[in-house]
Amino acid sequence: MNILIIGKFSEDQFGFHISDTLRDMGHITYEFDPTLPYKYTKTTVGRRIHQFNHSIYNLLLNSANFRSRRIKKLSKIFQQNKIDLTIATHDFLYPDEVDFIKNKTNSPVVMWFPD
C-alpha cells in the first residue's frame, strides 16, 4: 500500500516513527512535512533566530500565496505516486487541503493525533 504521511520526520518525531514502522510492515511511505523545519542549535542566538522565523511562518500560514504553495507541493506528490491512504499526524491540514487530497487520490484521509 502507498501511504502519504503528513507530519514531522526528524529523528524521534511521531511521523518518523509511523513512517518507519509502516515501511517495516512492507508499505511504501511518502513523507510531507508542512511545517517550518527545525535545526537544533545550542546557542541562544540560534534559538532566537528559529523563534523569529517561526513567528514569521505563523503570520504567513494563512496567506493565500503560502497555502497555494503547500497545495502545489502536495500536488507534485500525487502526480508522481498513487496514494492509497493519507495519514496526518497532527492538525497540519486545512479543510480545503483535505478536500484536495480526497479529490486527487480518491482514498481515505485520517488524522492520527498523538496525544
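No value in this document is a laboratory result; all are computed from the given coordinates. What you see is a predicted model; the values in this text were computed from it and never measured. Note: ideal-geometry Cβ built from the backbone for every residue, glycine included; neighbour counts use all protein chains shown.
A compact table of results
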item: All helices (runs of 4 or more DSSP H) inside segment 1-110 with 2 or more residues being surrounded by 16 or more Cβ atoms within 10 Å (Cβ to Cβ) and touching a strand residue (DSSP E or B) at 6+ places or on another chain (Cβ under 7 Å); result: 14-24, 64-80, 95-105
item: Residue that is β-branched (Val, Ile, Thr) and touching a Ser or Thr at 6+ places or on another chain (Cβ under 6 Å), where the choices are ILE87, ILE77, ILE83; result: ILE83
item: Given (1) in contact (Cβ under 8 Å) with a residue 24 or more places away in the chain; (2) under 13 Å from LEU4 (Cα atoms); (3) in contact with a Gly (Cβ under 9 Å, 6 or more places away or on another chain), index of the condition HIS90 fails; result: (2)
